[in-house]
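Read through the structure below, which is laid out as structure tokens, and then see the notes.
The values are calculated or read from the model by the stated rules, or taken from the named source; none is laboratory data. This structure is a prediction, so every number in the text was calculated from the model and none was measured. So basically every Cβ, Gly included, is an ideal-geometry build from the backbone, and we count neighbours across all protein chains shown.
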Amino acid sequence: MLAVLSLVGAMIGWTTNVVAIKLLFRPLKPINILWFKIQGVIPKRRDEIAKSIGETVEEELLSVEEIIDQLLEGSDKQDILDMLKVKIVELTEGKLPSFIPSAFSGMISKYIEDIIDEKGEGIIDELTESLIHKATSSISISTMIEEKISLFELEEIEEMILKIAKSELKHIEYLGGVLGFLIGITQGLLLIFL
């Protein structure tokens with residue numbers, strides 16, 4: 001009798017956890033049963049989950065400022081200044097009238113290079129701040145993530161989650177069996193001794 005109760009308890013515990021895990025995802029669409037609707041937790045709360053993930057990523061993990069800072073850190077300011085010098089000198093030389101002597105043209109180019117050497121880093125810092133301000137007011141990582149998640153089919157979301165948490169979910173199923181087994185033994189012992 002003790003063995004039967006233990007095995008029945010294990011089966012009930014394991015089955016209950018398997019069904020509970022399945023109900024996280026299934027049914028994908030609401031099903032009316034008597035007076036209430038049944039739908040998987042993730043499909044039912046998809047929009048809330050997407051919004052929460054987006055907000056968490058933006059607030060806790062990655063911001064527009066960090067992306068821009070990382071981008072500019074990766075690029076050496078001196079490289080940017082050198083490219084700026086070359087481009088401005090090219091543009092200036094192309095716009096100067098042909099009757100201006102080349103010596104004067106060289107002086108203008110040298111003057112531009114000196115200005116960029118002197119004030120270029122400050123200009124880049126100012127442009128960076130302006131870019132960050134504009135980007136933070138117009139780009140929302142949270143909204144982008146929320147929209148991307150909303151575009152996923154529910155089956156794809158289920159597959160991703162199961163792929164990531166497969167072993168943990170299996171442990172939960174087995175734990176249900178173990179707990180059911182222990183409860184079955186406890187019930188059997190209570191029946192024997194009471």
With the structure loaded, tell me whether Gly188 is farther than 22 Å from Leu61 by Cβ, in a helix (DSSP H, G or I) and at pLDDT 90 or above or whether it fails that test. no
Just to check your reading of the model, which residue among Ser142, Ser167 is without any contact (Cβ under 8 Å) to a residue 12 or more places away in the chain, part of a helix (DSSP H, G or I) and polar (S, T, N, Q)? Ser167
Please determine whether any residue of region 36-47 is more than 32 Å from the chain's Cα centre (by Cα), hydrophobic (A, V, I, L, M, F, W, C) and surrounded by fewer than 15 Cβ atoms within 10 Å (Cβ to Cβ). yes
Note on region 48-64: residues of a type outside the set (Ser, Thr, Tyr) and either more than 23 Å from the chain's Cα centre (by Cα) or surrounded by 12 or more Cβ atoms within 10 Å (Cβ to Cβ) (or both) are Ile49, Ala50, Lys51, Ile53, Gly54, Glu55, Val57, Glu58, Leu62, Val64
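If you go through region 11-55 one residue at a time, how many are of a type in the set (Gly, Ala, Ser), farther than 20 Å from Gly176 by Cβ and outside any helix (DSSP H, G or I)?
So the answer is 0.
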For a quick check of your reading of the model, give me the residue pairs whose first member lies in region 174-191 and is more than 12 Å from Gly9 (Cα to Cα), whose second is exposed (fewer than 14 other Cβ atoms within 10 Å of the Cβ) and at pLDDT below 95, with beta-carbon atoms closer than 8 Å and at least 6 apart or on different chains. Leu189/Leu2; Leu191/Met1
